[in-house]
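J.: Before we start, here is the structure in question, set down as structure tokens.
The values are calculated or read from the model by the stated rules, or taken from the named source; none is laboratory data. Quick caveat: nothing in here was measured; it's all calculated off a predicted structure. With ideal geometry, Cβ positions are generated from the backbone for all residues, glycine too; neighbour counts draw on all protein chains shown. These accessible areas exclude ligands, DNA and RNA; they are computed on the full protein's heavy atoms, side chains included. Shrake-Rupley method; radii C 1.70, N 1.55, O 1.52, S 1.80 Å.
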Amino acid sequence: MEEKHVEVTVFSMPFCQTCHSLMDWMTKSDIAFVEKNVGEPEVRAEAEKQIGREIDGAPITLVGREVIDGFDRKAILKALGR
């Protein structure tokens with residue numbers, strides 16, 4: 001299966017260990033991503049518009065238009081076509 005070339009965004013919180021574990025795994029897995037700190041109100045408001053719902057926890061990964069809650073390796077890899 002060919003990997004899709006889509007934008008990946010990780011919505012994280014500064015003291016979220018799961019968020020940092022997710023981003024470490026993505027880096028080691030050669031998955032390029034942009035991190036956005038939803039602990040900042042203006043970033044959170046923009047992120048909520050982007051994903052179409054209120055953010056009630058982190059991490060949230062946006063792969064293209066697919067929203068993935070938590071640290072879900074299988075869902076992220078599937079969304080990337082890996």
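J.: Restricting the first residue to segment 68-81 and requiring it to be in contact (Cβ under 8 Å) with a residue 40 or more places away in the chain, which pairs with a second residue that is open to solvent by 60 Å² or more (accessible area, probe 1.4 Å) and assigned to a helix (DSSP H, G or I) meet a Cβ separation below 9 Å and a spacing of at least six or different chains?
T.: GLY70/THR18; PHE71/THR18
J.: If you check ALA58 against the conditions, is it assigned to a helix (DSSP H, G or I), in contact with a Phe, Trp or Tyr (Cβ under 7 Å, 6 or more places away or on another chain), among the hydrophobic types (A, V, I, L, M, F, W, C) and at pLDDT 95 or above?
T.: no
J.: So how many residues does segment 45-55 have that are open to solvent by 40 Å² or more (accessible area, probe 1.4 Å) and touching an Asp or Glu at 6+ places or on another chain (Cβ under 9 Å)?
T.: Summing the residues that are open to solvent by 40 Å² or more (accessible area, probe 1.4 Å) and touching an Asp or Glu at 6+ places or on another chain (Cβ under 9 Å) in segment 45-55 gives 2.
J.: Go through GLU35, GLU46 for me and flag whichever is in a strand (DSSP E or B) and either more than 11 Å from the chain's Cα centre (by Cα) or without any contact (Cβ under 8 Å) to a residue 40 or more places away in the chain (or both).
T.: Matching residue, one of GLU35, GLU46: GLU35.
J.: For the subset of segment 37-55 comprising residues that are in contact with a helix residue (DSSP H, G or I) (Cβ under 9 Å, 6 or more places away or on another chain) and under 11 Å from SER12 (Cβ atoms), which member is modelled with the lowest pLDDT?
T.: ILE55
J.: Something else: Scan segment 1-30 and report the pairs whose first residue is farther than 17 Å from PHE71 by Cβ and whose second residue is β-branched (Val, Ile, Thr) and at pLDDT 95 or above, with Cβ atoms within less than 9 Å and a gap of 6+ or a chain change.
T.: LYS4/VAL63; VAL6/VAL63; GLU7/VAL34; GLU7/VAL63
J.: Keeping to segment 15-44, report how many residues are farther than 13 Å from LEU62 by Cα and open to solvent by 50 Å² or more (accessible area, probe 1.4 Å).
T.: Result for segment 15-44: 12.
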